[in-house]
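Visitor: Here it is, the structure in full.
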Amino acid sequence: QLQASGGGLVQAGDSLRLSCAASGRTFGTYATGWFRQAPGKEREFVAAISRSGDTTSFADSVKGRFTISRDNAKNTVYLQMNSLKPEDTAVYYCAVTVYSGPDDYTDRKKYHYWGQGTQVTVSS
């Protein structure tokens, strides 16, 4: 089970840290990704991290502003979001995948288990 949390209402320029907590002992065997979906839009890739944490991938729209990390001892992946913009407003979802290639990380069809989303709203 995946539990995403940390969303909220913030102003442009603020920061938020999202957490994706997993139950079970196998979390460290999966790469983890974050996706987001704004109203009326398709779910899009945001960031991903390999199972060991040594490889990360980001959408161009968040590069330089967002970072992703993981603590496998705590079964948790974090998405640190800085310099938030109104266009970052969306429901954010975390998901896990057995794939390990950077090209696979951006494809939501490669993720086999999804958590519920957490709402992030950025006001201008």
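Visitor: Please get the size of the charge dipole for the chain, origin at its Cα centre, with Cβ charges of +1 on Lys and Arg and -1 on Asp and Glu, quoted in debye to the nearest 20.
Guide: 260 debye
Visitor: Run the count for the chain, please: Lys pairs, Cα-Cα under 25 angstrom, 8 or more apart or on different chains.
Guide: Close lysine pairs under the 25 Å cut-off: 8.
Visitor: Let me ask another. Could you tally the net charge around Glu44, taking each other residue with its Cβ under 12 Å from the Cβ of Glu44, Lys/Arg +1 and Asp/Glu -1?
Guide: -1
Visitor: Express as a percent, rounded to the nearest 5, the fraction of DSSP beta bridges in the chain (both residues included) that run antiparallel.
Guide: Percentage antiparallel, nearest 5: 90.
Visitor: Keeping all protein chains in the complex and leaving out DNA, RNA and ligands, what accessible area do you get for Leu16 with a 1.4 Å probe, in Å² to the nearest 10?
Guide: The accessible area comes out at roughly 30 Å².
Visitor: ³J(HN,Hα) across region 16-24 via Karplus (A = 6.51, B = -1.76, C = 1.60, θ = phi - 60°), whole Hz, x for Gly/Pro?
Guide: Computed from phi, the couplings for region 16-24 are 9, 10, 8, 10, 10, 9, 10, 9, x Hz.
Visitor: Largest first, how would Arg51, Arg36 line up by accessible area (1.4 Å probe)?
Guide: Result, largest first: Arg51, Arg36.
Visitor: Taking the Cβ of Asp71 as the centre, find all other residues whose Cβ is under 13 Å away and add up their charges (Lys, Arg: +1; Asp, Glu: -1).
Guide: Spelling it out: positives minus negatives among the neighbours equals +4.
Visitor: Could I ask something else about it? Considering only protein heavy atoms, what per residue accessible area in square angstrom results for the chain with a 1.4 angstrom probe?
Guide: 51 Å²
Visitor: Give the carbon-plus-sulfur fraction of the accessible surface of the chain in %, rounded to a whole number; probe 1.4 Å, heavy atoms of protein chains only.
Guide: About 45 percent, which is the carbon plus sulfur part of the accessible surface.
Visitor: Also, quick follow-up: Normalised by the empirical 2.2 N^0.38 Å for globular proteins, what value does the Cα Rg of the chain take?
Guide: 0.96
The values are calculated or read from the model by the stated rules, or taken from the named source; none is laboratory data. Remember, predicted model here, so these are calculated numbers, not experimental data. Glycine also receives a Cβ, built like all others from the backbone with ideal geometry; neighbour counts cover every protein chain displayed. Just so you know, the surface numbers come from the protein's heavy atoms only, side chains and all, with ligands and any DNA or RNA stripped out. Shrake-Rupley method; radii C 1.70, N 1.55, O 1.52, S 1.80 Å.
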